[in-house]
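Before any comments, here is the structure.
Please treat every number below as a calculation from the coordinates, not as lab data. The structure presented is a predicted model; accordingly, all values stated were derived computationally and were not measured. A quick note on method: Cβ atoms are made from the backbone with ideal geometry, for glycine too, and the neighbour counts reach across all protein chains shown.
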Amino acid sequence: MYTPTAAESAPKAGHKSVKTDLYSHHDYYGVDDLLEDDHKMARGAVQEWVKSEVSPIIEDYANRSECPKHLFKGLAEIGAYGPSLPEKYGCGGMDEIAYGIIMQELERGDSGIRSMASVQGSLVMYPIYKFGSEEQRMKYLPKLANGDFIGCFGLTEPDHGSNPSGMITNLKDDGDSYILNGAKMWITNSPVADIAVVWAKDETGRIRGVIVERGMKGFTTPEIHGKWSLRASITGELVFEDVRIPKANVLPNIDGLKGPLMCLSKARYGIAWGAIGAGLDCYDSALRYSLQREQFGKPIGGFQLTQKKLAEMITEITKAQLLAWRLGTLANKGKATSAQISMAKRNNVHMALEIAREARQIHGGMGITNEYPVMRHMMNLETVLTYEGTHDIHLLITGMDVTGLNAFK
């Protein structure tokens, strides 16, 4: 039995393979004509960063199921943390379309890398900005924006996923503090997080948001192992055993389930854009492969069934691009509803997953290897289909929106 040496088993931080990222953007309907110059500049900057810092190493890290933690700081340097939050707090001050495009380019590299950024920006920085005091904003947001702090978001519990209102994590008043008990599950970034925005029920049964800091007694963040998906993203639990939370760490401007659901809408919006990136990467790889791979005396791209796959791929990508762009224009006006965001998240993630599956077929046997990005995207998208609201839950959100009838109960 072969036993790897210590050197072979050691983390290869900073290791880069000889792979070159040949990706080029695809815009069949000229959607770029609808974008502002700063949108395209942001896309170009993030795309170049992904090509130089993510693509050369991501297959290696995913293969070893290790998070490239050095990229957390790089994400800050390209402005990927809270890009649409105000410059006053060290953020980008950009609009929602720019935010979406940044998420698209990051997920083109890897869904786990986009998760790093979207959790930090949408689920940690956004609630502190939206629901926090000015003191909390100034204390946390600049450090989160520049990558000095890493954050995570605690809502999902071991027994309460799609039904967050059933949470049992609780807060008990203890004078100038609250005592926090409970656990959260499937938390992106938790093992390395400096702070966690956690949602728990107070003694009246109302849901409150609190900022839990690394080092508070009774607060632990065990890592979850054995994932076949999002292998380059670090995931864990949040465990609270009589954790004393100063009342100054309670988000003062929100209570009830509305708070975490607003955060989820912000994150789902980014995912609706991000999934397009994964779909584009799979399409781009399949298109190039189909023009290079020859069978029966000609490139496989010359056969009808391959062209059918490619034509359907670019059609669905184009529809998703238009859906995301329109959603972005609504978001910029403050008019994007949670139901509209649900439709885009559900459609675009499903689109990307189907494209990954078809792209894998075009690549044939090579499609299951890490010489190409398709299988990694496919595995990642299985998680993206489920988190931030499952595929079926988003279907029911749309159903309730168009009928006015609640099918959840």
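Can you show me the helix-derived [θ] at 222 nm for the chain, built from DSSP H runs with n ≥ 4 at -39,500 (n - 2.57) apiece and divided by the number of residues, rounded to the nearest 500.
-14500 deg cm²/dmol
Sort M400, M313, M351 by Cβ crowding within 10 Å, fewest neighbours at the top.
M400, M351, M313
Across bins of 20 angstrom width beginning at 0, how are the C-alpha pair distances of the chain distributed, in whole percent?
For the chain, the pair-distance distribution reads 27, 57, 15, 1.
Compute from the Cα atoms of region 128-229 the Rg and the Dmax, the latter being the longest Cα-Cα distance, and quote both in angstrom.
14.2, 45
Can you return the lysines within cross-link range of K139? Criterion is Cα-Cα under 26 Å, with same-chain partners fewer than 8 residues away left out.
K69, K73, K88, K130, K172, K184, K201, K217, K247, K258, K266
Between beta-carbons, use under 14 Å as the cut-off and find the net charge around K73, counting Lys and Arg +1, Asp and Glu -1.
-2
Order these by the 10 Å Cβ neighbour count, fewest first: W49, W273.
Ordered from fewest to most neighbouring Cβ atoms within 10 Å, W49, W273 come out as W49, W273.
Can you compute the charge dipole magnitude of region 24-145 about its Cα centre, using +1 on each Lys and Arg Cβ and -1 on each Asp and Glu Cβ, nothing else charged? Give it in debye, rounded to the nearest 20.
640 debye
To test your reading of the geometry: what angle, between 0 and 90 degrees and rounded to tens, separates the Cα axis of helix 304-332 from the longest principal axis of the chain?
Once rounded, the angle reads 30 degrees.
Relative to the longest principal axis of the chain, what angle (0 to 90°, nearest 10) does the C-alpha long axis of helix 37-49 take?
80 degrees
Go through V239, M167, L155 and say which Cα lies farthest out towards the positive end of the charge dipole of region 151-249; charges sit on Cβ, +1 for Lys and Arg, -1 for Asp and Glu.
Farthest towards the positive pole: L155.
Would you please put 120-131, 193-204 in order of how densely packed they are, using the mean number of other Cβ atoms within 10 angstrom per residue and starting with the highest?
With the highest mean Cβ count within 10 Å placed first, the list reads 120-131, 193-204.
Tell me whether region 24-145 comes out rounded, prolate or oblate; compute the Cα gyration tensor, take square roots of the eigenvalues as a ≥ b ≥ c, and use a/c under 1.5 as the rounded threshold.
It is oblate, given that a/c is not under 1.5 and a/b is not larger than b/c.
So, with +1 on the Cβ of K and R and -1 on the Cβ of D and E, and no other charges, what is the size of the charge dipole of the chain about its Cα centre, to the nearest 20 debye?
Taking the Cα centre of the chain as origin, the dipole is about 360 debye.
Tell me, what is the percent relative contact order of region 151-249, built from C-alpha pairs under 8 Å that lie six or more residues apart?
Relative contact order for region 151-249 comes out at 33 percent.
Given Q307, L323, G256, which one lies farthest toward the positive end of the charge dipole of the chain, if we put +1 on the Cβ of every Lys and Arg and -1 on the Cβ of every Asp and Glu?
It is Q307, whose Cα lies furthest towards the positive end.
So how tilted is helix 338-362 from the main axis of the chain? Cα-based, degrees 0 to 90, rounded to 10.
Helix 338-362 sits at roughly 40 degrees to that axis.
What number results when the radius of gyration of region 56-102, computed over Cα atoms, is divided by 2.2 N^0.38 Å?
Cα Rg divided by the expected 2.2 N^0.38 Å: 1.43.
Defining a contact as two alpha carbons under 8 Å apart and six or more residues distant in sequence, what relative contact order in percent does region 258-403 show?
33 percent
Among L405, N332, H25, whose Cα sits farthest toward the positive end of the charge dipole of the chain (+1 at Cβ of Lys/Arg, -1 at Cβ of Asp/Glu, about the Cα centre)?
The one lying farthest along the dipole's positive direction is L405.
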